[in-house]
Protein chains: 4
Amino acid sequence: MTFGSDNHAGMAPEVLAALGEANVGHASGYGDDAWTERAEARLHDAFGDAAFALCLTGTGTNVVALSLALRGWESVLAAKGAHIDLDEAGAPEHITGSKIETIATPDGRLTPELLEGALRSREQHHVVQRVVSITQSTECGTAYTPAAVQAIADWAHAHDMLLHVDGARLCNAAVFNGCGLGEVAPGADIISFGLTKNGAMGAEVVVARNPALRGPIQNARKQATQLQSKMRFVAAQVDALLTDERWRLHAANANTLAARLAAGIGDLPGVSIEYPVEANAVFAVLPADRIQALAEQHRFYIWDAPRNVARLMTAWDTTSSDVDALIADIASA
Amino acid sequence: MTFGSDNHAGMAPEVLAALGEANVGHASGYGDDAWTERAEARLHDAFGDAAFALCLTGTGTNVVALSLALRGWESVLAAKGAHIDLDEAGAPEHITGSKIETIATPDGRLTPELLEGALRSREQHHVVQRVVSITQSTECGTAYTPAAVQAIADWAHAHDMLLHVDGARLCNAAVFNGCGLGEVAPGADIISFGLTKNGAMGAEVVVARNPALRGPIQNARKQATQLQSKMRFVAAQVDALLTDERWRLHAANANTLAARLAAGIGDLPGVSIEYPVEANAVFAVLPADRIQALAEQHRFYIWDAPRNVARLMTAWDTTSSDVDALIADIASA
Amino acid sequence: MTFGSDNHAGMAPEVLAALGEANVGHASGYGDDAWTERAEARLHDAFGDAAFALCLTGTGTNVVALSLALRGWESVLAAKGAHIDLDEAGAPEHITGSKIETIATPDGRLTPELLEGALRSREQHHVVQRVVSITQSTECGTAYTPAAVQAIADWAHAHDMLLHVDGARLCNAAVFNGCGLGEVAPGADIISFGLTKNGAMGAEVVVARNPALRGPIQNARKQATQLQSKMRFVAAQVDALLTDERWRLHAANANTLAARLAAGIGDLPGVSIEYPVEANAVFAVLPADRIQALAEQHRFYIWDAPRNVARLMTAWDTTSSDVDALIADIASA
Amino acid sequence: MTFGSDNHAGMAPEVLAALGEANVGHASGYGDDAWTERAEARLHDAFGDAAFALCLTGTGTNVVALSLALRGWESVLAAKGAHIDLDEAGAPEHITGSKIETIATPDGRLTPELLEGALRSREQHHVVQRVVSITQSTECGTAYTPAAVQAIADWAHAHDMLLHVDGARLCNAAVFNGCGLGEVAPGADIISFGLTKNGAMGAEVVVARNPALRGPIQNARKQATQLQSKMRFVAAQVDALLTDERWRLHAANANTLAARLAAGIGDLPGVSIEYPVEANAVFAVLPADRIQALAEQHRFYIWDAPRNVARLMTAWDTTSSDVDALIADIASA
């Protein structure tokens, strides 16, 4: 195993099995099939009343979600370093036609206070600030409490804005908060719900809760190139991971082992942990003279080379012995 | 089996097997893996020197391909009814920012003569006509000969244009022409090569032949939301279908059975075939009093309701008994 | 004078005078000035209750108008050859992100019947047909009656669509119909109202009648690059031409002289008039052996070279002696 | 007079006169006229070999310039607070489809060192950083020396980037540096050259110096809605202000009076100047108890309300008595 990314892991066994089980004869394409129906029923159980659109990539899911909420002259407020800002090759701006404005945060988490500082007058020379986008759990490995999400939602709604939650790791946030998928982002108008990092091959979902955003969800998905013809195979993945909350086992494993890792290295000489470890990522300063060798051996990313910060990610299939081996290697002088 | 679409079929057995074989431990994401390397080697064998980008949907593949060739003020010339014009929810215009101009054709095939009739002066009020896009095989179930493609490529290049080939069914065209994938679209600058309709779960490839278009292929793919993190599973599909030209068996089955179907119904009373059957689609006028019932029974689309035209598609897994049953049902008064 | 275009004419004297009168000291920019207030009051008098945005170019005005009505996955239905389709370098598609679908017409005029033939199902692969755009008066020099516009508006609204009117020559249509600016496009949700061809230097107006489209009119204008800082000079032009319906004199002159021209040449040997002459354009087949020389002498465009069709346009400043001279030259064997 | 903006001023007398002189009879539209030819000759004299496109608004000019330099997946690096980032309603992102990345500066000026800190790897998840955009003179009223611009150009070119200069106030920068328009932005690949703030009614120019960017300049202008039909009136403004370097008198007046203003208030109690006063803007902290009344009386903007910072702008028509009156009012306790 590696500590490079939770998407370095493969498919969970039940996902591969589900693909095989779905591979029977002909089925209508583009979502008009029994697997999609079942997946949407499970999504409804998890998230409550909403419109759902199964998608293929995290970037695509964010683009579809944002395009439902934005007109061209409107903007998104997001944390500096958010995936939509830094790691999507400009897709959100390019496809939605809207600007992203970023706000520096201490640990990946926005707050009403930080948002307040970025407010601008709604005059014609400015973009109209319309969407607040937060990541749950964040790119820093922290997670919002439901109360913190609700506070941002309330702030957004009070300012005539909408709340988007990038939930590529929503499962990890739900495990951290000990709650269900439907409770981990209260007040959110629209959610990008990811399962790929949770053991799917490639399955993400746009969850449009706000009734005003639901209508064109299928059109927006198709136009963003996220509609796959043999949809049953995407739906089967969603179904497999939502059945009996299997997503929770996967996320719990990743979260638990990240905590174990942080605990195991946090007090080592020359090591310090950057952010609270609340999901499945540990950002740690490692000894300058060995970080490069460790990175090659355990295949993790050096996030901030000048400061010797490593990003160590656990996945659904990471084992405690993987973690203990990494701890031992970091500890060995 | 149904006759609704070649994407109603599932995965070919070797594709499902390949997914399972690729599901071993961790691998780097986004194409930095051994499966992608192998898939690209096979693509190189098939298409010769080119840049390749594995993608997820046909629409996405076309968008990536076109975005490499177009600036905002340039346009695409395509056959009326082409997939990029009619069935992609405006994604090409929306994401490339460029106009699509359509030309009526008798059977889905463009010719230099038809293109000549659509030429416009390159003055500042007009879009600059830059790309000719053809579909090989076409949405009408016809296919271009390599010579016909080369003639269009020559015309395009002589007019300072580029040739894009939408090859969602390139395999069927190669079988029709008895040639390889690299010979079925000679002169093409860029190809959307599809395998989903050939037995993949969801795997398409942008093939950038023209060296001037290759540079930003990965950026364009990422921005069009077509880059999947666990790329090895897309690559494994491509590898499986290119190994020993398995694509040829699948396409040959579909083409052969479409021909068998056309032969079986062409002379029936009240039936007439619309276009030459050169790939895996039969467009047929069926008896007005029974087309609806037949469509429900065999799950095919009524393409042109006023004229009682049905689209009957065969797939990699259609069997001769499926076809014979359909023939019998159409024949039974 | 030339017969090349109504935009070959300069400014009407009252427009130039108004620019000079507005050139006094400092004024706030971007529309927060007394001239804009007065122009908007006159526009309100002419069009009734609506939101107005003064713009700079016809293309820009159409883009602003359409962007208020469209989401990315929606489309516009327009006559083939409409300015938004043919003569705006793809700006509408590029900036709104939406597709334009065209319908062939006999004389530039759409009808409910023609529109009906272009209707498509609203399923996810298709763009959602949202806006019908007509040109009043048309690119062929014909004009709709108010009843004809109302019929299209009714059809559009019955199909959950909106009606946009490209009124670059709305004044000419109003003169033809003997009505006011507010009556010449009944049922229209949004109008591009042009004054440049009527004697302005460069002044156009987005008229958003439908209350649902008004909100972001200023944002859409700014984002489409149509907001000029020294707005008072645009407003002064609008004010000058709306005062005492001076626009009507200009349009009446142009219309009258186009009719005089058509009457003068219509029965000449080798000449035939293409469309009813209802505004300020005469499309005429001219003798093949002299059309080129005539075009050079009178500076008009040969619209359709193979068929020897000339476009002869009159303007606010065309004189009857200009017209008579052209008639005489065409008549002289 | 006001101190609100240099675009609160009207037209310089020679500009109004030029409009009148150009208003003679018919002329071909869209730039095919003698005035445009003359304006372009003068631009060539001023800027040397380049392609020119006359435009209507500053935002439009920036959009045209950037669209020539960018593909969708590429980005622009600009100073935080740059006009393209803050005051163009998202037009650059919306129309070019490209991301703008901002860098905090002490005084509106970027440097190679600041740019270096914003460099990112060119991997597929990131936008490709392609254009550096600087404002000359800046939004803070500072100006780059030619050597400073050249250093940025060299840095950009060494990193496979291009340099864009937003020269809405290029004339003021040329006066500050005591050089010509062609020398004030050395190494720039493309310049947005503004004359509106210099006494035009509304006239800006895209100056494409880099030969690789020149080809589609007219197409890009038309698509960005910046092509006016009666172009002679835009050209006449450019011609008037370039004749005998009249622009220099206007900019010199504005710069000189800004310096006089800064000198007159800089040492007053409770007043401090924010940035070096090098062009025609003075940013000054004013006494908290009187800033509001002064702003109403002299019509200037309070730029930073919490800190009581006023933006005081001089224009081509500001007089020394205007300035002295403002100084006196600020000085009067």
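The values are calculated or read from the model by the stated rules, or taken from the named source; none is laboratory data. Only a predicted model underlies this, so the values are computations on that prediction, with no experimental measurement involved. Ideal geometry is used to build each Cβ from the backbone, glycine not excepted, and the neighbour counts take in all protein chains shown. All accessible areas refer to the heavy atoms of the entire protein, side chains included, with ligands and DNA or RNA removed. Shrake-Rupley method; radii C 1.70, N 1.55, O 1.52, S 1.80 Å.
Which value, in debye to the nearest 20, gives the size of the charge dipole of the range B:53-201 about its Cα centre, when Lys and Arg are +1 and Asp and Glu are -1 at the Cβ?
160 debye
Shortest first and in nm to one decimal, what separations exist between D:C179 and its copies in the other chains, measuring from label points 7 Å along the Cα-to-beta-carbon line?
5.8, 6.0, 6.2
Evaluate peptide D:210-218: per residue, the Cβ atoms of other protein chains within 10 Å of its Cβ; return the mean as an integer.
2
Got a number for carbon plus sulfur as a percent of the range C:138-191's accessible area, 1.4 Å probe?
58 percent
Name the residues of the range A:35-72 whose accessible area, probed at 1.4 Å, falls by at least 50 Å² once all protein chains are in place instead of their chain on its own?
For the range A:35-72, once contacts with the other chains are taken into account, A:T57, A:R71 lose 50 Å² or more.
To the nearest 20 debye, what charge dipole does the range D:147-285 have about its Cα centre, counting +1 at the Cβ of each Lys and Arg and -1 at the Cβ of each Asp and Glu?
640 debye
Shortest first and in nm with one decimal, please list how far the A:D289 label point sits from its counterparts in the other copies (point 7 Å along Cα→Cβ).
6.5, 9.5, 10.1
Give me the mean projected area, in nm² to one decimal, of the convex hull enclosing the Cα positions of the range A:248-295.
Directional mean of the projected Cα hull area for the range A:248-295 stands at 3.4 nm².
Expressed as a whole number of Å, what is the distance separating the alpha-carbon centroids of the range C:75-136 and the range C:272-333?
29 Å
How large is the Kirkwood hydrodynamic radius of the range C:189-333, in angstrom, based on all distinct alpha carbon pairs?
17.5 Å
How much net charge surrounds A:A331 when only the other residues with a Cβ under 13 Å from the Cβ of A:A331 are counted, with Lys and Arg +1 and Asp and Glu -1?
-2
Ignoring ligands, DNA and RNA and using a 1.4 Å probe, state the total buried accessible area between D and A in Å², rounded to the nearest 100.
Its buried surface, counting both partners, is about 1500 Å².
How much area per residue is accessible in the range A:184-333 when the probe is 1.4 Å and only protein heavy atoms are counted (Å²)?
That works out to 33 Å² per residue.
If you take the Cα Rg of the range A:138-234 and divide it by 2.2 N^0.38 Å, with N the number of residues, what do you get?
The reported ratio for this selection is 1.14.
Skipping prolines and chain starts, which residues have an amide H placed within reach, meaning under 5 Å, of the one on C:G90, given they are 5 or more residues away or on another chain?
So C:G90 has HN proximity to B:V127.
Chain B: which residue's Cβ hugs the B-to-C rotation axis most tightly, distance rounded to whole Å?
Output: B:E93, 2.
So how compact is the range C:209-284: Cα radius of gyration and Dmax in angstrom?
19.5, 56
Across bins of 10 angstrom width beginning at 0, how are the C-alpha pair distances of the protein assembly as shown distributed, in whole percent?
2, 9, 16, 21, 20, 16, 10, 5, 1, 0, 0
Cα convex hull of the range D:7-79: mean projected area in nm², to one decimal?
Its Cα hull, projected and averaged over all orientations, spans 7.6 nm².
What ratio of Cα Rg to 2.2 N^0.38 Å holds for the range B:201-245?
The value comes to 1.29.
Note down the magnitude of the dipole of chain A about its Cα centre, charges +1 on Lys and Arg C-beta and -1 on Asp and Glu C-beta and zero elsewhere, to the nearest 20 debye.
That gives a dipole near 500 debye.
Restricting things to alpha carbons, tell me how big the range A:1-131 is in terms of Rg and Dmax, in Å.
19.1, 58
For the range C:55-147, count all C-alpha to C-alpha pairs, find those more than 20 Å apart, and express that count as a whole percent of the total.
35 percent
Give the nm distances, rounded to one decimal, from D:G81 to the matching residue in every other copy, measuring between label points 7 Å along Cα toward the beta carbon; shortest first.
In ascending order, 2.5, 5.5, 6.1 nm.
Which value in Å does the Kirkwood hydrodynamic radius of the range B:265-316 take, with 1/r averaged over all unlike C-alpha pairs and then inverted?
Averaging 1/r across every pair of different Cα atoms and inverting gives 11.1 Å.
What are the principal axis extents of the Cα atoms in the range C:160-199, in Å, biggest first?
In descending order, the Cα extents are 36, 21, 11 Å.
Just counting partner chain Cβ atoms within 10 Å, what average do the residues of peptide B:14-22 show around their Cβ?
Going residue by residue through B:14-22 and averaging, the value is 3.
Rg(Cα) of chain D divided by 2.2 N^0.38 Å?
Relative to the rule-of-thumb radius for its length, chain D sits at 0.99.
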